[in-house]
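Worksheet: one structure, shown below.
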């Protein structure tokens, strides 16, 4: 097994272990995510930076919905730390290589024309000492002339403590999901407590998932990408209060 690839027994607290099955219903059905539009924008960024791009790796690929859209332009692979999310992705993307892996130690043994780490997944790197090394692992998979797209978590100056937003509600002909969230902060670490109600034909299930993400200034993300050997720029507010870093490797780099 390559360094950075994990087995299920490595997970003491599987991420998205309970919500993976309703993740797409919740994020698409409630209107939080528009995957076709997001993929089209990513394609424009990639082709603008790397016109020859043919291969793409999505790190923290989740249920694989971005990959399902991006594969119309690229040969795609994915990696994620959550076995439950990958189970969903494998059903969606038969034949696509999907790796159970920790981005902090990612080592797939090859490079790609484009590497993405989307929807603020880098925020789960809560140890400041690990941010630079993690971005180095992502950048190591970017080939000559290739592009890295890294989506940051909420800018520290825009964070709202104890935010109580409206419930997220979504349903289809089989399932209804209602989610309420409560957020708090301890220093630079944010904690999102997400309460889920899931109604199916067999009854109503209730569970809570807690997600911890680091508040990191955009300048630190930018510096990490540049320290990894890429020429970087900032796309401000790719989502409200969140910035995107686009890094490009010199075509002459090995």
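Every number in this text was worked out from the coordinates using simple rules, so none of it is lab data. Just so it is clear, the model here is predicted, and its values are computed rather than measured. For neighbour counting, all protein chains shown are included, and Cβ atoms are generated from backbone atoms with ideal geometry for every residue, glycine included.
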To the nearest 10 degrees, how steeply does helix 83-92 sit against the main Cα axis of the chain, on a 0 to 90 scale? 80 degrees
Evaluate segment 181-230: find the radius of gyration of its Cα atoms, find its Kirkwood radius, and give the ratio Rg to Rh. 1.29
Helix 218-227: inclination vs the chain longest Cα principal axis, degrees, rounded to 10, gives 40 degrees
Estimated 222 nm signal from helices in the chain, with DSSP H stretches of n ≥ 4 weighted -39500 (n - 2.57), rounded to 500: -7000 deg cm²/dmol
Return the percentage of antiparallel bridges among DSSP beta bridges fully within the chain, rounded to the nearest 5 %. 70 percent
Bin all alpha-carbon pair distances of segment 40-128 at 5 Å intervals from 0 and give each bin's fraction as a whole percent. 3, 14, 27, 24, 19, 10, 3, 0
Convex hull over the alpha-carbon atoms of segment 119-254: what's its volume per residue in Å³? 134 Å³
What whole-number distance in Å separates the alpha-carbon centres of segment 196-233 and segment 55-114? 16 Å
In percent, how large is the relative contact order of the chain, given Cα pairs closer than 8 Å and 6 or more residues apart? 19 percent
Going from the fewest other Cβ atoms within 10 Å to the most, one would list 193, 174 as 174, 193
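Can you work out D for segment 158-212 in µm² s⁻¹ from Stokes-Einstein, where Rh is the Kirkwood radius over C-alpha pairs, the temperature is 20 °C and the viscosity is 1.002 mPa s?
Translational D for this selection: 172 µm²/s.
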Considering the chain as a Gaussian network with a 10 Å cut-off on Cα pairs, which listed residue, 84, 37, 170, attains the greatest mean-square fluctuation? 37
Which order do 50, 117 fall in if you start with the one that has the fewest other Cβ atoms within 10 Å? 50, 117
Principal-axis tilt of helix 35-49 within the chain, Cα atoms, nearest 10 degrees: 10 degrees
When the chain is treated as a GNM, springs tying every alpha-carbon pair under 10 Å, which of 235, 88, 154 comes out with the largest mean-square fluctuation? 235
When the chain is treated as a Gaussian network with springs between alpha carbons less than 10 Å apart, the largest mean-square fluctuation among 240, 83, 217 is found at 240
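Going from the alpha-carbon gyration tensor of the chain, what semi-axes, largest first and in whole Å, does one get by taking the root of 5 times each eigenvalue?
The three semi-axes for the chain are 29, 21, 18 Å.
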Among 195, 52, what is the fewest-to-most ranking by other Cβ atoms within 10 Å? 52, 195
